[in-house]
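The values are calculated or read from the model by the stated rules, or taken from the named source; none is laboratory data. Small disclaimer: the values here were computed from a predicted structure and weren't measured. When we count neighbours, we look across all protein chains shown, and the Cβ atoms used for this are built from the backbone with ideal geometry, even at glycine.
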Amino acid sequence: MADYTLRQLDYFVAVAEAGSISGAAAKLRVTPTAVASALTELERALRTQLLVRRKAHGVSLTPTGVFLRKRAAILLRDAEELRLATASAGTELSGPLTLGCYVTISPTILPLLVRWTAEHHPKVELDVVARSQAEITELLLAGGLDLAIVYDMGLPDGLESVLLYTVRPYIVLPADHRLADAASVCLAELADEPLILLDLPPAAMHTLRVFEQAGVAPRVVQRTTDFELTRSLVARGLGYSVIVQRPAVDCSYEGLPLAALDIDPAVPGVGVRMVWPRGVRLTDRAQALVTFAAERARFTDYRHRNVSPARRADHSTPSPWCESSPPAR
């Protein structure tokens with residue numbers, strides 16, 4: 001039987017994160033004396049020093065403290081999962097779940113996942129965060145997210161993933177462009193025309209690599225960090241763009257029409273993946289979302305749907321990608 005308590009471990013992790021006893025006490029809403037006492041009892045129970053305490057300079061972890069911090073965080077998370085599962089006798093999923101998503105993908109895929117969670121697991125508190133890919137992966141590896149959805153481009157090490165679907169870069173032109181009615185366009189045909197570059201990493205790096213592989217030097221006249229602004233500028237006739245995410249409707253926010261054309265010759269597709277830190281055991285609710293997303297997320301990209309343009313315009317027609325699916329277990 002262990003001589004330490006979960007509360008002592010909770011206080012220890014809080015101190016390690018805050019860097020001081022007073023900071024941890026404020027976060028925990030207890031007195032600094034209570035935190036200091038819990039740490040002393042924990043060190044006595046484990047028969048080792050976990051912290052070096054310095055007046056007015058906070059605390060620093062000993063090598064043993066560094067080891068315990070990681071193990072304690074896992075133990076505390078498992079203890080919380082046990083509490084949540086026991087409350088429902090294991091019959092339903094509940095508790096917090098934080099999902100991050102690269103901002104240009106989020107309008108396409110997050111509504112499906114949020115709706116499915118609300119309908120099939122109403123006690124799961126799903127929180128979503130849409131940021132740049134660098135911010136999302138940083139948050140994920142720092143423990144601020146349970147799962148994330150990103151492009152399979154420039155991902156850091158230390159992640160496990162499942163492929164949701166693959167998208168292919170394409171060209172966006174104003175509807176009155178001389179090539180708008182073509183089935184596909186060679187990048188060389190646009191080399192002298194102004195390019196509006198979506199400069200939100202890793203989008204820009206990928207787009208410029210596509211041009212490089214085609215042996216074309218684009219004439220970049222405008223850089224944006226917003227997907228819809230890029231499309232709106234193109235619709236206004238200010239240039240063309242090469243992007244990956246494809247909305248179901250080829251028009252800008254202003255309602256101006258756009259022409260979306262394949263690149264000739266075809267360029268490799270880009271994977272959209274759901275990722276999580278390697279070595280982290282997913283909670284039951286996170287695993288349920290991974291399973292559902294892997295089975296259904298491809299239907300959020302209209303090119304995967306077996307539906308004609310006429311039916312897409314008819315919102316009254318049931319859509320196969322919006323049908324309810326049995327909850328993943």
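Structure notes:
- Selection count, the range 37-56, where residues are surrounded by fewer than 18 Cβ atoms within 10 Å (Cβ to Cβ) and in contact with a helix residue (DSSP H, G or I) (Cβ under 7 Å, 6 or more places away or on another chain): 3
- Pair list, Cβ under 7 Å, 6 or more apart: the range 248-273 residue not assigned by TED's automatic domain parsing to the domain that holds A175 and polar (S, T, N, Q), other residue at pLDDT 95 or above and surrounded by 14 or more Cβ atoms within 10 Å (Cβ to Cβ): none
- Counted residues, the range 273-300 - those being assigned to a loop (DSSP other than H, G, I, E, B) and over 15 Å from L145 (Cα atoms): 0
- From A38, A18, A79, residue being outside the structural domain of L229 (by TED's automatic domain parsing) and either of a type in the set (V, I, T) or within 30 Å of S132 (Cβ to Cβ) (or both): A18
- Taking strands (runs of 3 or more DSSP E) as the structural unit, those lying wholly within the range 57-148 and holding at least 2 residues that are without any contact (Cβ under 8 Å) to a residue 40 or more places away in the chain and either surrounded by fewer than 17 Cβ atoms within 10 Å (Cβ to Cβ) or of a type outside the set (D, E, K, R) (or both) correspond to 124-131.
- Taken together, S184, S241, S232 contain a single residue that is of a type in the set (G, A, S) and either in the same structural domain as R296 (by TED's automatic domain parsing) or touching a helix residue (DSSP H, G or I) at 6+ places or on another chain (Cβ under 8 Å) (or both), which is S241.
- Taken over the range 161-182, the criterion of being more than 21 Å from A130 (Cβ to Cβ) and exposed (fewer than 14 other Cβ atoms within 10 Å of the Cβ) is satisfied by D176, R178, D181.
- Of V30, V52, all but one fail to be in contact with a strand residue (DSSP E or B) (Cβ under 6 Å, 6 or more places away or on another chain), at pLDDT 90 or above and outside any helix (DSSP H, G or I); the exception is V52.
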